[in-house]
1. Which of the residues spanning the range 154-170 are closer than 21 Å to residue 196 by Cβ and either among the hydroxyl-bearing types (Ser, Thr, Tyr) or in contact (Cβ under 8 Å) with a residue 24 or more places away in the chain (or both)?
2. Out of curiosity, is residue 77 open to solvent by less than 60 Å² (accessible area, probe 1.4 Å), free of Cβ contacts under 8 Å to residues at least 40 places away in the same chain and not in a helix (DSSP H, G or I)?
3. May I ask you to say which residue of 55, 89, 112, 9 is open to solvent by 60 Å² or more (accessible area, probe 1.4 Å) and either of a type in the set (Ser, Thr, Tyr) or outside any helix (DSSP H, G or I) (or both)?
4. Residue under question is residue 197, and the condition is that it be over 23 Å from residue 112 (Cα atoms) and either open to solvent by 60 Å² or more (accessible area, probe 1.4 Å) or in contact (Cβ under 8 Å) with a residue 40 or more places away in the chain (or both); does it hold?
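The values are calculated or read from the model by the stated rules, or taken from the named source; none is laboratory data. Bear in mind that the values here come from a model prediction, so they are computed numbers and not experimental data. All Cβ positions, even for glycine, are placed from backbone atoms using ideal geometry, and neighbour counts span all protein chains on display. We work out accessible area using only protein heavy atoms, side chains counted, and drop any ligands, DNA or RNA first. Shrake-Rupley method; radii C 1.70, N 1.55, O 1.52, S 1.80 Å.
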Amino acid sequence: LPAEDVEERLAHLAQVHNIIRPVTAHDNAQASNERYAFVHVLYHEALHGSLVASRKAALSGAVASALSALHPGQPHLAHQLALLFEAGRRPIEAIDQFLAAAQQVVAVSASREAASLAQRGLALVAALPPSPAAQSRELQLLFTLGVPLAATAGYANPEVEQTYTRALELCRHLDDAASMFPVSWGLWVLYHVRADLGRALGAAQQ
């Protein structure tokens, strides 16, 4: 809809029904449009609950597309975009945003959050038809998951070994020599910390 029509409707909801309220925009000083937020979270939940699943998916995807166009290349929006694309049934975009969000929080040592985001992306990859593109995304997510998972679950956790082993398998399948070293290094650290020196030597030789 034209911006003036949207603003008239929003102003009516704010002034007459007091469902929403205007808020100050800090992230885009050049924006001329008003911004609004729900007065109470219950209004948001009631509206969201009234929508059928297909409408929620359509709106989530549309909002994600609009945010991507309005704020291109903004890493701080990756988590929000991932959730919107996931709800919008657009798994490829959701996977890419979950990966970006996980990489962002890894950089600030938020291990638990990084592991959760990477695992959510992997769950979406598992539902995709097998393809080199899907396997490449899986490899990047596994590589991103390895260190934070080990930091939170410990190197003795079988899931850590499964993560690196699967990543190494994908490196070989995709002939991705660039990723082979950090994955092999991760396995070496894992076996070394466990004092499984035979496997550690094999990883070191690799």
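1. As a first pass, look at the range 154-170 and keep what is closer than 21 Å to residue 196 by Cβ: 154-169.
Passing the criteria: 155, 156, 160, 161, 163, 164, 165, 166, 167.
2. Details: open to solvent by less than 60 Å² (accessible area, probe 1.4 Å): yes; free of Cβ contacts under 8 Å to residues at least 40 places away in the same chain: yes; not in a helix (DSSP H, G or I): no.
In short, no.
3. Numbers: 55 fails: either of a type in the set (Ser, Thr, Tyr) or outside any helix (DSSP H, G or I) (or both); 112 fails: either of a type in the set (Ser, Thr, Tyr) or outside any helix (DSSP H, G or I) (or both); 9 fails: either of a type in the set (Ser, Thr, Tyr) or outside any helix (DSSP H, G or I) (or both).
Answer to the selection: 89.
4. Values: over 23 Å from residue 112 (Cα atoms): yes; either open to solvent by 60 Å² or more (accessible area, probe 1.4 Å) or in contact (Cβ under 8 Å) with a residue 40 or more places away in the chain (or both): yes.
When the stated conditions are applied, residue 197 passes them.
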